[in-house]
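> To start, I am sharing the structure in question, which I have written as structure tokens.
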Amino acid sequence: MDWSAIFSNTAQGLFSPATMAFALAALGLAMHFGFAGLLNFGIAGFMAIGAYGYAISILTFGFEWWQGILVSLVASVIFSLILGIPTLRLRGDYLAIVTIAAAEILRLLFLTNAFVDVTGSADGLSGYHNSFRAANPFPVGDYGFGPWTYNNNEMWVLVLGLLTLVICVSILLLLINSPWGRVIKGIREDEDAVRALGKNVFAYKMQALIIGGIFGSLGGIVYALPSSVNPGVYVTSLTFFVWTALLLGGAATIFGPVLGAVIFWVLQAFLSNVLPQLVSSGLLPFISSIQASTIRFILVGVGLMLLVIYRPQGILGDKKELTFVK
Amino acid sequence: MSSSANTPANPAAKTTGLHIGEIRPGVAKVDPIVTIDGVSRHFGGLTAVDVEHLEIPRGAITALIGPNGAGKTTLFNLLTGFDKPDTGTWSFAGHALAGIPAFKVAQMGQVRTFQLTKALSLLTVLENMKLGAKDQRGEKLLYSLFPFLWKAKEAEIEAKAMELLKRFKLDTKKDDFAASLSGGQRKLLEMARALMTDPVLVMLDEPMAGVNPALTQSLLEHVLGLKKEGMTVLFVEHDMHMVRHIADWVIVMAEGKVVAEGPADQVMKNPAVIDAYLGSHQDDDLGTITGRITLPKKGKK
Ligand SMILES: Nc1ncnc2c1ncn2[C@@H]1O[C@H](COP(=O)(O)OP(=O)(O)O)[C@@H](O)[C@H]1O
Ligand SMILES: [Mg+2]
């Protein structure tokens, strides 16, 4: 067993674009579900809009990288409006069904051959980095230490990702601790009661959907920044992985989703390294090394179930809240 | 327990002279705050509400009574925009309300509570109260990001909330989750929260249900206090003690229709009212259906 490789790969999971992308998306879900009570099972769709919006703006329309980010954000707002206008007046479960379906429709639209010139179909998109890398303030060279050593391009992605995450966390902190956040949490508890106090519940839910959606699509952009956009990523299981990160950390918290994303990726990195090695060193009989690397997804599923059963408030959640869950 | 044990020696002074002309269902009021015309609501084949004409007097306490299923809650829902009638028009303080969404009705000052209490469980008692406040611009998305724009107002709101909580004896619970309150305390919280909106008309759906009898008296005082402060109160209640004690005007519904109205003492003697209650409860003792009042005639048809 090559423990140093296992350790170094695991350590990289602590601080990677994927971790930050998950943290951003989970933050969006925290806004949707944890604070506003909106059941969004289409976070992968929001992430896809971020990633494709960014790449297509640059590749097809020749935009600058920052213009690509703006296009993605506008697109995610439009997506929220399309999802929200018909469903936010209905009971919560309708949003869940509509979001899961909408995310699939999006993915299939990106995947179909009809728009291959724009979306790249099954090959996805790549080679949109020139404008972004031209704006890189880091001179060519290596940065960091040990397992966390990055070249200047990787460094630029990480710094921008981290900055985005810090800004989103700060915005969420301000929002949730404001009177606006109080209304939002009230809506989560009982929207009719909030309506009876003269608040426009529909408008608040729409705002929450849009803000969480923007966080999700920023996650998609950060995911796409280092290399490419691949349609195989934005599948329903991505949605469930982000949910896992959210529930792990604590749905109704702000640092929980970030912590959950970190734990999720560190565990993923650890298991995907250690399991195949266990097989090759004969410690895991009866399975092949290919099977071993998929076992980790089974473990994620089992972990999610155990979590929801034994610690539904998540790691950072308030135990007290649970005493009152109906 | 007999009703006399609960009733103070001198019941609250009643507001009189509310109606114009002979008392009958749908009688015109001197100064109506709510006017209802031809409002009906059907659920499948069932007619839940069918009110030809009804006026609620301003500045008075009006009780809406009637057997279970009479359509009282449905009428509340229709008036407050939580449900839409199949036909009819109604107005509040001169504004036609048909098609106006519930939150706008509440903003106009017509605020309700619910029969099944809606405490916001995972908000603290104080947060519940603050949510009722009006004119907090920090509730707007863009303002909310800049605390210095709303902190001052927030302090004002908190002071007002604490004052109300003290009045309702909930001030010691301010930092507890609303979920930890007893059923009766939640009713009180919901009422106090409604008052945070500075309402013009307060509509209470069974405010006494589940409230500890020891609190009954102070709740009555609260409702009477609202009238003193110039608010209009409309409440649904099965407790006849409360109705007799504080209601200036009583409206009786049965099977969706207004079957009688008038001052409390007169309505209780109305044969239509006795019929309405006995019609659906032939075998019950009237006292147990309507609360703790003993009626002059015991339903001998
Ligand atoms: N949403 C609904 N769907 C079907 N029937 C309803 C609904 N709401 C109320 N009803 C019926 O309408 C009638 C009036 O109910 P309600 O207004 O709750 O009576 P009350 O408050 O006077 O006890 C009842 O027969 C009830 O079953
Ligand atoms: Mg009722």
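The values are calculated or read from the model by the stated rules, or taken from the named source; none is laboratory data. All figures in this text were calculated on a predicted structure; none of them were measured in a lab. Neighbour counts run over all protein chains shown; Cβ positions are idealised from the backbone, glycine included. The area values use the complete protein model at the heavy-atom level, side chains included, leaving out ligands, DNA and RNA. Shrake-Rupley method; radii C 1.70, N 1.55, O 1.52, S 1.80 Å.
> Set the Förster distance to 41 Å, then compute FRET efficiency between B:TYR143 and B:SER182 from the Cβ-Cβ distance, nearest 0.05.
On the way: r = 36 Å, r/R0 = 0.88.
Efficiency for this residue pair is about 0.70.
> Give the long-range amide H neighbours of B:ILE100: residues separated by 5 or more places, or on another chain, with amide H under 5 Å away, using H modelled in the peptide plane at 1.01 Å from N.
Amide H neighbours of B:ILE100, under 5 Å, 5+ apart: none.
> For peptide B:121-129, what's the mean number of Cβ atoms from other chains within 10 Å of each residue's Cβ?
Mean number of neighbouring Cβ atoms from other chains: 4.
> Which value at 222 nm does chain A reach when only helices count, each DSSP H run of 4 or more adding -39,500 (n - 2.57), with the total divided by all residues and rounded to the nearest 500 deg cm²/dmol?
Helix contribution divided over all residues of chain A: -22500 deg cm²/dmol.
> Mind checking A:203-214 for the average number of partner chain beta-carbons within 10 Å of each residue's beta-carbon?
Neighbouring Cβ atoms belonging to other protein chains average 1 per residue here.
> Quick check of the Kirkwood formula: for the stretch A:19-121, what is the inverse mean of 1/r over all pairs of different Cα atoms, in Å?
One over the average 1/r among Cα pairs gives 14.4 Å for the stretch A:19-121.
> Can you compute the helix-only [θ] at 222 nm over chain B? Use -39500 (n - 2.57) per DSSP H run of at least 4 residues, normalise by all residues, nearest 500 deg cm²/dmol.
-9500 deg cm²/dmol
> If you don't mind, another one. Between the DSSP loop rule and a limit of at most 12 other Cβ atoms within 10 Å, which chymotrypsin sites (Phe, Trp or Tyr not before Pro) in the stretch A:31-78 are left?
Sites meeting the loop and neighbour criteria: A:PHE61.
> Rounded, prolate or oblate: which fits chain A, taking a ≥ b ≥ c as square roots of the Cα gyration tensor eigenvalues, rounded meaning a/c under 1.5, else prolate when a/b beats b/c?
oblate
> Which of the helices in chain B meet the span-like rule: DSSP H, Cα axial reach of 20 Å or more, Kyte-Doolittle mean at least 0.0?
B:213-228
> With the full set of protein chains in place, find how many percent of the accessible area of chain B is carbon and sulfur; take the probe as 1.4 Å.
Heavy-atom surface of chain B belonging to carbon and sulfur, 1.4 Å probe: 54 percent.
> So, one more: Nearest 20 debye, what's the magnitude of the dipole of the protein assembly as shown about its Cα centre given +1 on Lys and Arg Cβ and -1 on Asp and Glu Cβ? List each step's numbers first, then the result.
On the way: 50 positive and 48 negative charges, 196 e Å.
My answer is approximately 940 debye.
> Now for a separate question. With every protein chain kept in place and ligands, DNA and RNA left out, what is the accessible area per residue of the protein assembly as shown? Probe 1.4 Å, answer in Å².
On a per-residue basis, 43 Å².
> Let me know the volume per residue of the alpha-carbon convex hull for chain B, in Å³. It would help to have the intermediate numbers written out before the result.
Values: hull volume 44.9 nm³, N = 301.
Measuring per residue, one finds 149 Å³ for the Cα hull of chain B.
> Taking chain B as a Gaussian network, where each spring joins two C-alpha atoms under 10 Å apart, which residue of B:LEU116, B:LEU189, B:LEU142 fluctuates the most?
B:LEU142
> Using a 1.4 Å probe over the heavy atoms of the protein chains, calculate the carbon and sulfur portion of the accessible area of the stretch A:3-321 as a whole percent.
70
> With an 8 Å Cα cut-off and a minimum separation of 6 or more residues, compute the relative contact order for the stretch B:147-268 in percent.
Answer for the stretch B:147-268 is 17 percent.
> Residue by residue through the stretch A:159-173, what is 3J(HN,Hα) from phi via Karplus (6.51 cos²θ - 1.76 cosθ + 1.60, θ = phi - 60°)? Round to whole Hz and write x for glycine and proline.
Going residue by residue, I get 5, 5, x, 5, 4, 4, 4, 4, 5, 5, 4, 5, 4, 5, 4 Hz, with x marking Gly and Pro.
> Express in nm, to one decimal, how much length is gained between B:ARG167 and B:ILE23 on full extension, taking 0.36 nm for each residue of separation and deducting their alpha carbon distance.
Fully extending the segment from B:ARG167 to B:ILE23 adds 48.1 nm.
> Quick one: which residues, 5+ away or cross-chain, put their amide H under 5 Å from the amide H of B:LYS257? H built at 1.01 Å from N.
For B:LYS257, whose amide H was placed from the backbone, the distant partners under 5 Å are B:ASP50.
> Restricting to bridges with both residues inside the protein assembly as shown, how much of the DSSP beta-bridge set is antiparallel, in percent to the nearest 5?
Roughly 65 percent of the beta bridges in the protein assembly as shown run antiparallel, per DSSP.
> Something else: So what is the relative contact order of the stretch A:3-321, in percent, for Cα pairs below 8 Å that sit 6 or more residues apart? Write out the running numbers ahead of the final one.
Values: 511 pairs, mean separation 106.4, N = 319.
Value for the stretch A:3-321: 33 percent.
> Counting only the backbone N, which residues of the stretch A:1-31 are under 16 Å from the spot 7 Å out from the Cα of A:TYR143 toward its beta-carbon?
Residues A:15-18, A:20 qualify, since their backbone N sits under 16 Å from the label point.
> How high is the relative contact order of chain B, in percent, with contacts defined as C-alpha pairs under 8 Å that are six or more residues apart?
Reported relative contact order: 24 percent.
> Show me you know the interface measure: the accessible area buried between A and B, both chains summed, probe 1.4 Å, in Å² to the nearest 100.
Using a 1.4 Å probe on protein heavy atoms, the buried area is about 2800 Å².
> Amide H to amide H under 5 Å from B:ALA60: which residues, 5+ apart in sequence or cross-chain, H placed 1.01 Å off N in plane?
For B:ALA60, whose amide H was placed from the backbone, the distant partners under 5 Å are B:VAL233.
> With springs only between Cα atoms under 10 Å, which of B:LEU131, B:LEU149, B:LEU188 fluctuates most in a Gaussian network model of chain B?
Result for chain B, Cα springs under 10 Å: B:LEU149 fluctuates most.
> At q = 0.05, 0.10 Å⁻¹, what log₁₀ I(q)/I(0) does the protein assembly as shown have when each alpha carbon counts as one equal point scatterer in the Debye sum?
-0.32, -0.92
> If you take each beta carbon of peptide A:185-194 and count the beta carbons of other chains within 10 angstrom, what is the mean?
Values: counts 5, 9, 2, 4, 10, 7, 1, 6, 13, 6.
Partner-chain Cβ atoms within 10 Å, mean over residues of A:185-194: 6.
> Out of A:ILE214, A:ASN9, B:VAL49, whose Cα points farthest toward the positive end of the dipole of the protein assembly as shown (charges: +1 Lys, Arg; -1 Asp, Glu; placed on Cβ)?
B:VAL49
> I want to verify the translational diffusion coefficient of the stretch B:27-114 in µm²/s; compute it with Stokes-Einstein, Rh as the Kirkwood radius over Cα pairs, at 25 °C and 0.890 mPa s.
Calculated translational D: 184 µm²/s.
> Another question, then. What is the distance, in nm, between label points placed 7 Å from the Cα along the Cα-to-Cβ direction at A:ASN136 and at A:LEU70?
In this crude label model, A:ASN136 to A:LEU70 measures out at 2.5 nm.
> Kindly write out, for the stretch A:144-154 in residue order, the coupling ³J(HN,Hα) from the Karplus curve 6.51 cos²θ - 1.76 cosθ + 1.60 (θ = phi - 60°), rounded to whole Hz, with x marking Gly and Pro.
Ordered by residue, 3J(HN,Hα) equals x, 8, x, x, 9, 9, 10, 7, 5, 5, 4 Hz.
> Can you give me the distance in nm between label points at B:HIS53 and A:ASN153, each placed 7 Å from the Cα along the Cα-to-Cβ direction?
Rounded to a tenth, the inter-label distance reads 8.2 nm.
> Further, regarding this structure: Under a 10 Å cutoff between Cα atoms, tell me which one of B:SER144, B:SER182, B:SER121 has the largest fluctuation in the Gaussian network model of chain B.
B:SER144
> Whole Å is fine, so just give me how far the alpha carbon centre of the stretch A:118-136 lies from that of the stretch A:194-235.
The stretch A:118-136 and the stretch A:194-235 have Cα centres spaced 22 Å from each other.
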